[in-house]
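The block underneath contains the structure these notes are about, expressed in structure tokens.
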Protein chains: 2
Amino acid sequence: MEIKIMKNILDRNQNKADEVRELVRSKNILMVNIISSPGAGKTTFLERTCEALTSKFKIGVIEGDVTTDRDARRLQKYDIPIVVINTERGCHLDSHSISKVIDSFDLDSLDILFIENVGNLICPTGFDLGEAFKLALVSTAEGDDKPAKYPLLFREAKAVVLNKMDLIPYTNFNYNSFMYDLGRIKRGITFFKVSCTKNTGLDEWFEWISEQRKELSGS
Amino acid sequence: MEIKIMKNILDRNQNKADEVRELVRSKNILMVNIISSPGAGKTTFLERTCEALTSKFKIGVIEGDVTTDRDARRLQKYDIPIVVINTERGCHLDSHSISKVIDSFDLDSLDILFIENVGNLICPTGFDLGEAFKLALVSTAEGDDKPAKYPLLFREAKAVVLNKMDLIPYTNFNYNSFMYDLGRIKRGITFFKVSCTKNTGLDEWFEWISEQRKELSGS
């Protein structure tokens, strides 16, 4: 019985996700669902991205957070539209919440909509929000075993960002081991190694995400 | 309707948790439920704890992991009983899984049973496993905002371990800000600052956990 109900929830999530996807595509908006552990650096990654790209693109952000608006407040300085979804005890966003807040944005004027999902490597992976793609963000401080331990996320993601590259000398993170596991899960996946606090390695990401947005409006 | 079903699940979880709690207490076993983000250092923390305490106590471990037995394999060298629960897509352990595996241990010969929950700061907090108490483990690399962003975990936990103290000089972690938020949530909570890779600050933890076990058998 429980399984049946879970299936119903997921089915309904999928229908709503498809609706959201159709809506944002019709408006030429690239919607990206960013998934990471707590504290891997999603918000700092969005800070760097806003600094680099708000002159080129109209960016909006949906902030999924359990209980606060702390991350949203960190992004306020970029003068972009931001909506916070507090999930309370919920460990992921779903397409219904996205559907409810999407109209708060002026969709005709947006180019890229980033969704910062709740910090969690498991459940967010299973919920389609209507995004163009999922982006997996992991940090070197979390250890090199994340692809092996959470393969579903890396299989689902279109690209992977490895953050906190500057911390590698102070940790036991084994880069080759990380890349080996990642390659076994998804050979040739688009991959960026960056430090968001030291502002290194991000140019490739800026170029790639700009390209993704341009391809969308070209199609 | 969904809420009613969720309540049933939680009710049943609570009944089973109480059964498990009664069983382990009757055997004088201290059961500790360790909750953290992915990669905060739970397994390394257990490695140091096994090194220090297996000469004093008979230790067992239940490893909650989405899909692998990697963490369990890291603990094999201590020659302790270990049971892995793979949750597949599940983001937390529940008391039913604990109840199913608890008899795999020789309960008459155990003193302390550590449960390494699935890496997640949200859902594990809401599920009583029958433990004596929850232990929250966070790392400095995750940022100083975890108590403010996940207050429920810190409210539920009996003690907090702040790991990766050695990384503070290389991060923007603000210790005072962390302690201020933690104090607002739970004034005077038992607190340990450690580095599990550098083996610092752990003696106080070893003493405290030993004391917890002794109080149990004294009562």
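The values are calculated or read from the model by the stated rules, or taken from the named source; none is laboratory data. Worth saying up front: this structure is predicted, and the values here are computed from it rather than measured. Positions of Cβ are backbone-derived with ideal geometry, glycine not excepted, and every protein chain shown enters the neighbour counts. Please note that ligands, DNA and RNA were not included when accessible areas were found on the heavy atoms of the full protein model with its side chains. Shrake-Rupley method; radii C 1.70, N 1.55, O 1.52, S 1.80 Å.
Of the residues making up the range A:126-172, those that are within 12 Å of chain B (Cβ to nearest Cβ), open to solvent by 10 Å² or more (accessible area, probe 1.4 Å) and outside any helix (DSSP H, G or I) are A:F127, A:G143, A:D144, A:D145, A:Y150, A:K164, A:T171, A:N172. Scanning the range A:197-212 for residues that are open to solvent by less than 20 Å² (accessible area, probe 1.4 Å) and more than 15 Å from the chain's Cα centre (by Cα) yields A:L202, A:S210.
Of all residue pairs spaced 6 or more apart or on separate chains, those with beta-carbon atoms under 7 Å, a first member in the range A:24-49 that is within 14 Å of chain B (Cβ to nearest Cβ) and a second member that is hydroxyl-bearing (S, T, Y) are A:I35/A:T125; A:S37/B:S37; A:P38/B:S37; A:G39/B:S37; A:A40/A:S139; A:G41/A:S139; A:K42/A:S36; A:T44/A:T197. Within the range A:151-166, the set of residues being charged (D, E, K, R) and under 11 Å from the mean Cα position of the chain (by Cα) comprises A:K158 only.
Scanning the range A:70-98 for residues that are open to solvent by 50 Å² or more (accessible area, probe 1.4 Å), in a loop (DSSP other than H, G, I, E, B) and within 21 Å of B:T125 (Cα to Cα) gives A:E88, A:R89.
Being touching a strand residue (DSSP E or B) at 6+ places or on another chain (Cβ under 6 Å), modelled with pLDDT of 95 or more, part of a helix (DSSP H, G or I) and open to solvent by less than 30 Å² (accessible area, probe 1.4 Å): is that true of B:L113 here? So B:L113 does not fit the description; no. Does the range A:90-98 contain at least one residue that is touching a residue at least 40 places away in the same chain (Cβ under 8 Å) and more than 14 Å from every other protein chain (Cβ to nearest Cβ)? Yes, that holds for at least one residue. Residue count for the range A:130-147, restricted to those that are of a type in the set (A, V, I, L, M, F, W, C) and closer than 16 Å to A:L167 by Cα: 3. Restricting attention to the range B:173-190 and to residues that are surrounded by 17 or more Cβ atoms within 10 Å (Cβ to Cβ) and either at pLDDT 95 or above or within 15 Å of A:G39 (Cα to Cα) (or both), the residue that is farthest from the other protein chains (Cβ to nearest Cβ) turns out to be B:L182. Evaluation of A:L121 against the conditions (1) within 14 Å of chain B (Cβ to nearest Cβ); (2) out of contact with any Pro (no Cβ under 9 Å at 6 or more places or on another chain); (3) open to solvent by less than 10 Å² (accessible area, probe 1.4 Å) shows that the sole unmet condition is (2). Within the range B:99-110, take every residue that is surrounded by fewer than 16 Cβ atoms within 10 Å (Cβ to Cβ) and part of a helix (DSSP H, G or I) and give me the one that is nearest to the other protein chains (Cβ to nearest Cβ). Among them, the one singled out is B:K100. For the range B:58-65, the condition of being more than 25 Å from B:G201 (Cβ to Cβ), touching a residue at least 40 places away in the same chain (Cβ under 8 Å) and within 14 Å of chain A (Cβ to nearest Cβ) holds for at least one residue. If the condition is being touching a residue at least 24 places away in the same chain (Cβ under 8 Å) and basic (K, R), then the range A:71-89 contributes only A:R74. Within the span defined as the range B:99-121, one or more residues are more than 16 Å from the chain's Cα centre (by Cα) and free of Cβ contacts under 8 Å to residues at least 12 places away in the same chain.
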